[in-house]
Amino acid sequence: MDNLNPHAELLIKAQVILTQNQDREVLEHAGLAVGQGLILDIGDWEAVSLRHPGAKVLDLGRSMLLPGLVNAHTHAPMTLFRGAGEDMLLMDWLTQRIWPLERELTPELIHLGALLACAEMIRFGTRAFLDGYMHEEEVGRAADTTGLRAVLGEGFFRFPSPLFPTAQAAWDRVEFLRERFAGHPRIGLSYCPHTVYTTDPEDLAESYALARKHGLIWQTHCSENAAEIESCLSLYGKRPLALLAEMDLLGPGTVLHHCVDLTQAEMALLAETRTGVVHCPESNMKLGCGQAPVRALLKAGVAPALGTDGAASNNNLNLFGEMRRAALLQKVASLDPTALPAQTALDMATRHGAAVLALPGDQGLVPNAPADLIALDLTFPNLMPLHNPVSQAVYAACGQEVRLNMVDGRILYRDGCYLTLDYPGLSAEVRQAQTWVKNRLPV
Ligand SMILES: [Zn+2]
């Protein structure tokens with residue numbers, strides 16, 4: 001390794017490192033040097049430790065290091081509604097449970113829900129998330145203090161809405177957030193129309209133009225289920241993707257969540273325009289939406305990321321579950337066990353996610369990448385023996401084995417302890433919020 005740096009602050013030693021680099025190298029008896037928030041060196045432990053004498057050593061023993069995971073679609077504050085409406089039809093769930101609760105939500109409760117989401121994501125090995133909700137300043141504050149990376153999305157529906165009387169008010173809000181988090185090393189902004197059929201075409205076009213002007217992500221739910229396609233057809237006489245394509249809203253800065261109901265031509269279009277796609281297998285299964293054609297998307301040249309969606313429709317923010325489900329769902333849909341290999345599922349949660357969110361670190365754990373990494377405890381019974389580290393991470397791990405989560409060179413969680421948040425205090429506040437939610441649910 002030529003990238004010598006005398007200022008390594010910490011050397012991490014582990015039994016195995018899944019680098020997720022270009023060649024998907026798996027290193028054994030390996031080490032990694034961290035300094036100034038970056039990976040400075042990675043390779044054989046003896047060699048790395050010799051190149052950086054004097055640096056502090058963190059020996060993780062029987063652990064496996066890998067890049068932190070990227071949650072490319074969530075609604076973080078919805079953790080407060082986890083379990084508040086189960087096994088219901090989508091419109092009943094929205095109109096009878098979620099929307100009445102959301103009408104009364106305060107910025108304080110949104111902050112609390114976002115903090116709980118950050119605690120969960122940190123605990124289960126996530127390093128970054130793409131969010132979409134309201135009062136996103138509160139989500140940004142939670143990501144700022146807990147140390148995660150986040151791309152915020154202030155969601156909007158057809159105007160006037162309870163939050164925004166006019167489109168201009170919504171654009172002003174994004175501008176405020178852009179200034180509020182300007183220059184933040186871990187927090188970015190996006191424009192976030194809810195869907196094609198719940199917003200007006202001129203607002204889609206205007207928000208897209210603003211996103212392009214400021215170099216921000218433009219994200220929306222798209223082709224989530226057959227009912228959405230029907231709504232779009234009856235409103236515009238076109239499927240959602242056809243409308244987006246006709247309006248020239250597809251491209252590398254566009255991120256489409258779900259993409260369950262796609263034609264072959266639409267998949268080719270997504271690949272050709274290099275549009276970002278986020279697969280949310282557990283949410284799709286739980287809401288009975290169907291299974292996204294991920295294998296065909298990959299074949300067409302799309303590199304889908306993974307997302308959990310909100311905790312009210314999942315019901316957790318655990319990407320280990322999503323990796324496993326993403327692989328299994330393609331196998332069962334095609335009756336072919338080769339359909340989506342473990343390595344592809346891991347790529348979706350790491351490299352693809354980083355690329356879709358335009359984050360650093362999309363080339364894995366390599367010198368000069370951000371020191372965003374997690375460690376799995378290989379002494380867990382479900383992680384022994386270790387014949388195949390990639391399959392262990394995707395098919396055997398459930399997320400509880402995460403013993404270290406480092407983002408930007410800062411340790412956020414280690415061996416049962418949160419280093420950036422007061423978990424007992426947070427739990428007590430969440431218990432109070434539980435009463436707030438319960439008092440507003442139908443008896
Ligand atoms: Zn969603």
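The values are calculated or read from the model by the stated rules, or taken from the named source; none is laboratory data. Nothing here was measured: the structure is a model prediction, and the numbers come from that model. Cβ: placed from backbone, ideal geometry, glycine included. Neighbour counts: every protein chain shown. Areas reflect the complete protein model, heavy atoms only, side chains present, ligands, DNA and RNA absent. Shrake-Rupley method; radii C 1.70, N 1.55, O 1.52, S 1.80 Å.
Quick one: is LEU148 within 21 Å of ALA371 (Cβ to Cβ) and either of a type in the set (Lys, Arg) or not assigned by TED's automatic domain parsing to the domain that holds HIS279 (or both)?
Judged against the criteria, LEU148 is not a match.
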- Message: Cβ-Cβ distance below 7 Å, separation of 6 or more or different chains: which pairs start in the range 377-395 with a residue that is over 23 Å from LEU340 (Cα atoms) and end on one that is acidic (Asp, Glu)?
- Response: ASP377/GLU401; PHE380/GLU401
- Count of the range 132-169 residues which are open to solvent by 30 Å² or more (accessible area, probe 1.4 Å), more than 16 Å from the ligand (Cβ to nearest atom) and touching a Ser or Thr at 6+ places or on another chain (Cβ under 8 Å): 4
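Does ARG295 satisfy the condition of being open to solvent by 50 Å² or more (accessible area, probe 1.4 Å) and free of Cβ contacts under 8 Å to residues at least 40 places away in the same chain?
It is false that ARG295 is open to solvent by 50 Å² or more (accessible area, probe 1.4 Å) and free of Cβ contacts under 8 Å to residues at least 40 places away in the same chain.
Which fully enclosed strands (runs of 3 or more DSSP E) of the range 328-425 have 2 or more residues being in contact with a helix residue (DSSP H, G or I) (Cβ under 7 Å, 6 or more places away or on another chain)?
By residue number, 402-407, 410-414.
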- Query: How many residues does the range 347-401 hold that are closer than 29 Å to LEU152 by Cβ, among the acidic types (Asp, Glu) and crowded, with 22+ Cβ neighbours inside 10 Å?
  - Reply: 2
- ALA292 vs. criteria at pLDDT 95 or above, within 16 Å of the ligand (Cβ to nearest atom), out of contact with any Phe, Trp or Tyr (no Cβ under 7 Å at 6 or more places or on another chain) and under 17 Å from ALA339 (Cα atoms): yes
- Query: Could you say whether any residue in the range 239-256 is at negative phi, within 14 Å of the ligand (Cβ to nearest atom) and crowded, with 22+ Cβ neighbours inside 10 Å?
  - Reply: yes
